[in-house]
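Before any comments, here is the structure.
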Amino acid sequence: MALGYTLVYGILELINFAHGEVFMLGGMISATIVVQVFAQGENPAVGILVAALLVSLVVAMTGCALLNAAIERIAYKPLRSAPRLAPLITAIGVSFILQNVAIIWKGTRPVNLPESEFSAGGGAVIFRIGDVVYTWDRLFVLLITIPVLVGLVWLVQFTRQGKAMRATAQDKDAAAMMGINVDRTVSFTFLVAGALAGAGGVIFAFYATTIGFATGFTLGLFAFTAAVLGGIGNLPGAVLGALLIGLIQNFNEGLSWYAPGSKWTESIVFAILILILVFRPEGLLGERTPEGG
Amino acid sequence: MADPIAPRTSPDVEEAPASALWHRHPVLMRRAVPAVLITALLIALAGAGVLRQSGEVYLIVVVVLLLLLARAAFANFWRGLDRIGVEDAHSRWQAQSPLVQRAVPPVVIAAVVILIAWAAGTRPDLSLLVLLAITYGLYLMPPASRRIALPVTVLLLVVVYPFLIQQTDYQRFLFKLPIFGVFPSMDTMVSILIFAMMAIGLNMVVGYAGLLDLGYVAFYAIGAYTAAWLASPHFAAYGVSMDFGSVAEKGILDVGGIHLSIWLVLLVAGVLTAAVGVIIGLPTLRLRGDYLAIVTLGFGEILPQVSRNGDKDGLGFNLTNGPPGINPVDPPGFGNWLSGNLGLPSSYLREQGVYVNFLSLMFWTALGLLLITVFCSVRLRDSRLGRAWIAIREDETAAAAMGIPLMRTKTWAYASGAFFGGVAGAWFATIKTGVFPDDFFFNISVLILCMVILGGMGNVWGVVAGAAVLEYLNLEGIANFNGWMNDHVLVCDPTKQDPSAVISGGCLNAPLVTFGIYGAIIVLVMLTRPQGLFPEQRRKLEFETGVHDTPIQDVTA
């Protein structure tokens, strides 16, 4: 999720507010597939569940990738030469539109998935090391996330298209002069980012078993915080940032001794965001850029 | 504002043949034909039942016709004066000292406003006609007055609005709008005024200085809570008791807590909010535009959460009383002395008249506050500071090179924007006689931003118009439109309707997607008309020609 942000921001220097909503729609797609296509009730069999998961992943990633690219083509591309704030404001507008698309599609109540092996706390134990219990619900998250991360790093670092993306990020005009099709590269970036958001949405839907139209916005901001924390435009940084934010969130909510509790989660995450932006705008792993501060 | 009669009075040399033909007709006919057409249209609409059948509508039509004819006779007010024997009236007016020339129009306008308000109070059914007459009178005046004709008319209409809307049978005097139905209620009108104030405040930050603020609702919340702290029994639990010019009922004063006069509260709320704006601004305004937007968004999320959690459990000190909010907040009023000597209402809550009551007094006061805000905003824009803001918006680097202190100027923009947000918030708390944390969500920030964008960033009047349209849609318009759709277009069965679905049982539930509609408005405006509906001239040029701050070669690298 944070990766998608970093990717788009790094290339385009645009904060895509709509990213969280694309993520949310990805989750909704997977909910639809599980409940309606596979018609699963409570506690479905593992085999069918894996099939449903794979199908959802494919459909949601494709759908979200296309959606994200379409958003870019319709809403952001015409504004690429406008003053900086214009695309940012448009992004907020798009984000609200997508939320309401979800409302039209699913109504205002959250959509529920059946509790399963993959939902939080519901997985069977795979192995134990001392007190640490490893369950299916955690494993499946890792099983999807790690290949996606590896694939992404490979894509950006070792392919022609990835090279074009990095070149566009550094200097759009120079990249265009070197014969890179900037428009296509940007669209491609949005495709990849959309696919990532879709995958994230599927994982979230299976894990949390409930997803509503407003889920995406807050999570989107958390992801943005993660991206900023790790250093924006920096892929390993985004993963590190996401880990840290997750840890902070769990410490805040889970620790029994002095912890402010879940009521304050948002405040704490945003306070971190503000502090990072004010004191170390390049993030933990980022490089200092002239305009960064 | 475009000069409405210039194209018709100034003969254009390179006109198309058709319009040349038209201009060959005598002036009387050229004036009369449109009048007859408009009249025919109105009568047709009335006949079709769109305008509710009422004698007053026809009366209005007749007056419009008469006025058009009168204007045909006196194509120009001053020439008309010449014709009836007053020689050189115009040049004699211009020979007056500048002081007289500047002072007379406001005095005349003020007198007319009072006259109309009085007339509206005694004969509400006639006030619309008087208004029409005044508008027309202003159009007959020399260009300078013609320019103010529209704002003055709108202002007068707003001033007399409570008289028109609060009659028990007001639909005899006001027709029903097609599709949207009845005219907005007093509650809606007060909200519109408050949101217009906030939109102007945000416009100073976004429109003038070009700093995107996505957390404006925080300032609004601070203003509201300040009012709640300084004018309610809230702190009575901590043994604080203080009364300074408050007009609250004796029973409430006896409970304790801080009770300041509301006028003082407004000022304190503004200043406190501006101070918070400075505190937030000082560390964050160094950031570049989009980072700044995110940081303000963060503040806009943190402060409402603080207000939701700021009770004994969350904070250890009951600051905001948590989810139930603080209730009641004291009503505004002028106290017994001013009431006895000047006839001003001593406490708004005690006024129970048909026309003069809590809501209409709130409305007029909010209108006054809005006018002060507009005035300050326009004066600030034209001041040295305002020009510095615009310079920063257009090119930060160039502005800095010209010797504008970036941080100080930006912080001032933040502080002044926050000030008016705070005042609006405080007034909002007084009208709701309470503060409730659910009123301060990120949605509100976007709503205000949407008003600024739709109206045209930087243009005060456009922003007010944007606020009026969007807040009306928000509170009544979309719901009314929805009702009309369900009654006339769709086959709706309310018994089968699911309240959480947009389309169910053949019914549409459009209010659910209100913010989607705003999102669509934002995107459409940014894509097709980024300067807004009523652009500020300078801003328009900026969007059309670009800002040229992206050189082909990056000199900083």
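The values are calculated or read from the model by the stated rules, or taken from the named source; none is laboratory data. Please read these numbers as outputs of a predicted model, since none were measured by experiment. Cβ coordinates were reconstructed from backbone atoms using ideal geometry, including for glycine residues, and neighbour counts include every protein chain displayed.
Here are a few things to note about the model shown:
- Restricting the stretch B:178-213 to residues that are at pLDDT 85 or above and of a type in the set (S, T, N, Q), the residue that is farthest from residue B:274 (Cα to Cα): B:188
- The single condition among (1) at pLDDT below 85; (2) under 30 Å from residue B:217 (Cα atoms); (3) more than 10 Å from chain A (Cβ to nearest Cβ) that residue B:467 does not meet is (1).
Table: residues versus (1) crowded, with 21+ Cβ neighbours inside 10 Å; (2) within 9 Å of another protein chain (Cβ to nearest Cβ).
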| site | (1), (2) |
| --- | --- |
| B:227 | yes, no |
| B:237 | no, no |
| B:256 | no, no |
| B:266 | yes, no |
| B:284 | yes, yes |
| B:299 | yes, yes |
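Let's see how each residue does on (1) more than 19 Å from residue A:217 (Cβ to Cβ); (2) facing another protein chain (nearest Cβ under 9 Å); (3) surrounded by 24 or more Cβ atoms within 10 Å (Cβ to Cβ):
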residue	(1), (2), (3)
B:452	yes, no, yes
B:461	yes, no, no
B:481	yes, no, no
B:488	yes, no, no
B:498	yes, yes, no
B:504	yes, yes, no
B:510	yes, no, no
B:513	no, yes, no
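- Residue within the stretch A:88-95 that is over 15 Å from residue A:23 (Cα atoms), in a helix (DSSP H, G or I), within 10 Å of chain B (Cβ to nearest Cβ) and hydroxyl-bearing (Ser, Thr, Tyr) present: yes
- Residue check for residue B:306: at the interface with chain A (Cβ under 10 Å from one of its Cβ atoms) and either hydroxyl-bearing (Ser, Thr, Tyr) or more than 27 Å from the chain's Cα centre (by Cα) (or both): yes
- Residue list for the stretch B:239-254, restricted to those being at pLDDT 70 or above, surrounded by fewer than 18 Cβ atoms within 10 Å (Cβ to Cβ) and closer than 27 Å to residue B:274 by Cβ: B:240, B:242, B:243, B:244
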